[in-house]
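*Asks:* Mind looking over this structure? Questions follow.
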Amino acid sequence: MADIKTYTGGCHCGRVRYEVSADLGKVFGCNCSICIKRGALWAFTGSDQFELKAGAEELSDYQFNKKVIHHLFCRNCGVGSFSRGQAPDGRESVAINVRCLDGVDPNTLQVAQIDGKNL
Ligand SMILES: [Zn+2]
């Protein structure tokens with residue numbers, strides 16, 4: 001059962017802020033080369049469920065490998081609070097770093113693992 005709620009979140013210094021609707025019943029850790037270093041926990045949602053409220057001009061983009069995902073981060077504090085990419089069906093999607101959501105305790109969430117290293 002999807003349990004979609006609306007959350008606010010952003011980077012550490014507060015320049016990047018967003019509002020997003022997502023299901024935190026489906027949260028993923030990943031072992032790919034960047035996630036394993038960052039330690040992010042991800043929830044995926046459509047780009048139409050995501051609204052950047054502040055900080056578009058503060059975002060730097062990091063890409064590597066096939067360059068399909070935009071690993072955005074705040075150029076001031078360095079925190080990557082979300083990434084943009086495409087879902088397998090081609091729709092624009094957003095990966096939310098659940099650790100950056102206000103009032104969410106990531107230790108209470110059930111986390112599944114993505115084998116990103118081998119994708
Ligand atoms: Zn920041």
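The values are calculated or read from the model by the stated rules, or taken from the named source; none is laboratory data. From a predicted model like this one, the values you see are computed outputs, not experimental measurements. Quick reminder, even Gly has a Cβ in these numbers, built from the backbone with ideal geometry, and neighbours come from all protein chains shown. Ligands, DNA and RNA are excluded from the accessible area calculation, which covers all protein heavy atoms including side chains. Shrake-Rupley method; radii C 1.70, N 1.55, O 1.52, S 1.80 Å.
*Asks:* Can you tell me how many residues in segment 1-20 are open to solvent by 60 Å² or more (accessible area, probe 1.4 Å) and within 12 Å of the ligand (Cβ to nearest atom)?
*Replies:* The qualifying residues number 3.
*Asks:* Checking the structure you have, find out if any residue of segment 21-43 is within 16 Å of the ligand (Cβ to nearest atom), of a type in the set (Ser, Thr, Tyr) and farther than 15 Å from residue 114 by Cα.
*Replies:* Taking segment 21-43 first, the residues within 16 Å of the ligand (Cβ to nearest atom) are 38, 40.
Keeping just the survivors that are of a type in the set (Ser, Thr, Tyr) gives none.
Checked against the condition, which is being within 16 Å of the ligand (Cβ to nearest atom), of a type in the set (Ser, Thr, Tyr) and farther than 15 Å from residue 114 by Cα, segment 21-43 yields no hits at all.
*Asks:* Of the conditions (1) under 22 Å from residue 104 (Cβ atoms); (2) in a loop (DSSP other than H, G, I, E, B); (3) not hydrophobic (A, V, I, L, M, F, W, C), residue 45 fails just one. Which one is it?
*Replies:* (2)
*Asks:* Identify, by number, the condition in (1) assigned to a loop (DSSP other than H, G, I, E, B); (2) within 16 Å of the ligand (Cβ to nearest atom); (3) open to solvent by 20 Å² or more (accessible area, probe 1.4 Å) that residue 89 doesn't meet.
*Replies:* It is condition (2) that residue 89 fails.
*Asks:* Return the pair list, or none, for Cβ contacts closer than 7 Å from residues in segment 49-77 that are in contact (Cβ under 8 Å) with a residue 24 or more places away in the chain to residues that are open to solvent by 100 Å² or more (accessible area, probe 1.4 Å) and within 12 Å of the ligand (Cβ to nearest atom), at least 6 apart or on different chains.
*Replies:* That search, which allows pairs on different chains as well, returns 54/15; 55/15; 58/15; 58/75; 74/15; 76/15; 77/12.
*Asks:* Please find, within segment 57-86, the residue that is farthest from the ligand (Cβ to nearest atom) out of those that are open to solvent by less than 70 Å² (accessible area, probe 1.4 Å) and over 15 Å from the mean Cα position of the chain (by Cα).
*Replies:* If we take residues in segment 57-86 being open to solvent by less than 70 Å² (accessible area, probe 1.4 Å) and over 15 Å from the mean Cα position of the chain (by Cα), then 64 is farthest from the ligand (Cβ to nearest atom).
*Asks:* If I ask for residues that are open to solvent by 70 Å² or more (accessible area, probe 1.4 Å) and among the hydrophobic types (A, V, I, L, M, F, W, C), which ones from segment 21-56 would you list?
*Replies:* So the first thing to find is which residues in segment 21-56 are open to solvent by 70 Å² or more (accessible area, probe 1.4 Å), and the list is 26, 33, 36-38, 44, 48-49, 51, 53.
Within segment 21-56, 36, 44 qualify.
*Asks:* For the subset of segment 44-56 comprising residues that are closer than 22 Å to residue 3 by Cα and of a type in the set (Gly, Ala, Ser), which member is nearest to the ligand (Cβ to nearest atom)?
*Replies:* 47
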